[in-house]
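Worksheet: the structure to be examined is printed underneath.
The values are calculated or read from the model by the stated rules, or taken from the named source; none is laboratory data. Given the structure is predicted, the values throughout are model-derived calculations rather than measurements. No Cβ is skipped: glycine too gets one built from the backbone with ideal geometry, and neighbour counts run over all protein chains shown. We work out accessible area using only protein heavy atoms, side chains counted, and drop any ligands, DNA or RNA first. Shrake-Rupley method; radii C 1.70, N 1.55, O 1.52, S 1.80 Å.
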Amino acid sequence: MDWPEFHDLLKDALTNLYDFAYLRGHPLLDLLAPDKSMPTPARVNALRSAITDAIELLAPDARVPRSAREWRPHLAMRYAYIEYLSAEEV
């Protein structure tokens, strides 16, 4: 899979992060939760965890003030996709 395809699939998964029915057939499921011996709900949760963990990895060091510019990408993604706030709220 090339980067543009992965990017599009990730964006799609983020948009549907809390839609179990959608994610259970998502192409990233086999890439990020490849253990097909796991029940589907566990695989979907593993996919969600992989995505949310990646967002959390964007957070700067805790010593960086929350008002610093370095926090913006992390907080924007966290608020939009993990906390599921609207664009206005973000």
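A probe of 1.4 angstrom, applied to the heavy atoms of all protein chains, finds residue 81 with accessible area near 70 square angstrom. Under the convention that each Lys and Arg Cβ holds +1 and each Asp and Glu Cβ holds -1, the size of the dipole of the chain around its Cα centre is about 240 debye.
Take every pair of alpha-carbon atoms less than 8 Å apart whose residues are at least six positions apart; their mean separation over the length of the chain yields a relative contact order of 20 percent. Since only 7, 41, 59 are under comparison, the one whose Cα sits farthest along the positive direction of the charge dipole of the chain, derived from C-beta charges on Lys, Arg, Asp and Glu, is 59. Treating the chain as a set of equal point scatterers at the Cα positions, no solvent, please give the Debye-formula log₁₀ I(q)/I(0) at q = 0.12, 0.19, 0.23, 0.24 Å⁻¹. Each listed q corresponds, in turn, to -0.42, -0.91, -1.15, -1.20.
Remark: the chain carries 68 Å² of accessible area per residue (probe radius 1.4 Å; ligands, DNA and RNA excluded). Scanning the chain for trypsin sites (Lys or Arg not before Pro) that sit in a DSSP loop and have at most 16 other Cβ atoms within 10 Å, the longest stretch containing none of them is 37-62. For the chain, the share of accessible area belonging to carbon and sulfur comes to 56 percent (1.4 Å probe, ligands and nucleic acids excluded). Each stretch of four or more DSSP H residues adds -39500 (n - 2.57); spread over every residue of the chain, this sum gives -14500 deg cm²/dmol at 222 nm.
When you filter the GluC sites (Glu not before Pro) in the chain for DSSP loop state and at most 15 other Cβ atoms inside 10 Å of their Cβ, you are left with 83, 88, 89.
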